[in-house]
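First up is the structure itself, then whatever we jot down about it.
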Amino acid sequence: MKINIKKITAFMLAGALACSVLSGCSKDDSSSSKNNSSNNQNLNADGVIMNKENVKLAGRTTLIEDTLWFGLSGAGVEFEFTGKKLDMTIVGDGAAFGDANNQARFAIYVDGERVIDKMLDEEEMVVTPVDNAESKTVTVKVIKLSETAMSTMGIKPIKLQEGEKITPVAQKELKIEFIGDSITCGYGVDDEVKENHFATTTEDVTKTYAYKTAQALDADYSMFSISGYGIISGYSSNGKKVPEQALPQYYGKLGYSWNKFAEVSAPNEVDWDFSNYQPNIIVINLGTNDSTYCKGDEKKQEYVDAYKEFLKQVREANPNAEIFCTLGIMGANLYSSVEEVCYNYTEETGDSKVHPFKFDTQDGTLGYAADWHPTEATHEKSSQSLVEFIKETMGL
């Protein structure tokens, strides 16, 4: 679960800090009064502003002026485009000018095929996922493949020619949210050399157990995951607590990043409106990093107590979701504590819609990715077992 601290430090010194399943967006407090609406296209002088009226939003997003911003793994948009040629202007934050290993990685799919896979190394980047001789209707999906802490990205208004349009794709009946750490982010999944270290260039959330589980359940998804984070402590190389990397403190925000959306506000400074996205299923996968700190009964009890309070926080925000508390892909040292959390929480609250689930721990048979993280094959195996358990538990 360890991030390459040398690269992170270099990135910070470069000045990046000065710069920063259905899915929804946060409250837009800056652009709605300025926009003119025409056939639900939400036009301004620069084109169509992306929002929930004309695209399906994936994950936590926010509008600042006329740009749709997002940072978390898997966040993005999906829509139908009718026309010949589609140009999209993707904008970056301060990471675009820093260490290449911290820049945002994103992909664009057309009718299910990945046609663009790029690192956002410019302040603005124009990409053309659709360029046909004749007008046709296609499905376009933009996904942020890398995680939030290192970099964020945005999509500027889309210019449409006469007769062209964008419309949101249909929402799915089932909605799922994943809350996790580097495993959920897809840390190193494109680098199957275990001795190598962190780089956003090798992160791909679409190869994770989380994304695969959403696909297998035919669910819309949202992900809230940050590498190195835990319930009470982030990854510890010396056994000392790392409380600044406790994920619950940011769960009510748009995420966490060293960078800022449009140089205005960081994701951790923007409140998330939970009414925009109410999942049927929530999967929590936190504890792998805590285990590097939680040596001994007293620290384990601290983990149990804090996890129980986090469950209350999650339940308050998502009153109807079935919650699955998982652990084990990179080690199951705290799994008995996860079981204790679920039991204690249900005993105290009477809420029986909380379930522990243990993944098989990777043993090298399917290889290892960077810093001993799971390979795509391990993610696939983990997804299959989780899907089976969710279906059995919920009668799907």
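Throughout, read-outs are computed from the coordinates displayed, never taken from laboratory work. Please read these numbers as outputs of a predicted model, since none were measured by experiment. Note that each Cβ is placed from the backbone with ideal geometry, even for glycine, and that neighbours are counted across all protein chains shown.
FRET efficiency for the V193 to E173 pair, using the beta carbon distance and R₀ = 41 Å, is estimated at 0.50. Exposure proxy shown here: for H355, H379, the number of other Cβ atoms within 10 Å sets the order, fewest to most, as H355, H379. Modelled spin-label separation between A216 and T393, with each label point placed 7 Å from Cα along the Cα-to-Cβ direction: 1.4 nm. Per the Debye formula on identical point scatterers at the alpha carbon atoms of the chain, with no solvent, log10 I(q)/I(0) at q = 0.08 Å⁻¹ is -0.39. Distance from the alpha carbon centroid of the stretch 367-382 to that of the stretch 71-129 works out to 25 angstrom. The modelled label-to-label distance for the pair T361/A100, using points 7 Å beyond Cα in the direction of Cβ, is 3.8 nm. If the chain linking A133 and E53 were pulled fully straight, counting 0.36 nm for each residue of separation and taking away their Cα-Cα distance, it would gain 26.0 nm. Inverting the pair-averaged 1/r between distinct Cα atoms of the stretch 174-394 gives 17.6 Å as its Kirkwood hydrodynamic radius.
Calculate the FRET efficiency for K353 and D87 from the Cβ-Cβ distance with a Förster distance of 45 Å, rounded to the nearest 0.05.
Calculated value: 0.50.
The dipole here belongs to the chain: it is taken about the Cα centre, uses +1 on the Cβ of Lys and Arg and -1 on the Cβ of Asp and Glu, and is about 100 debye.
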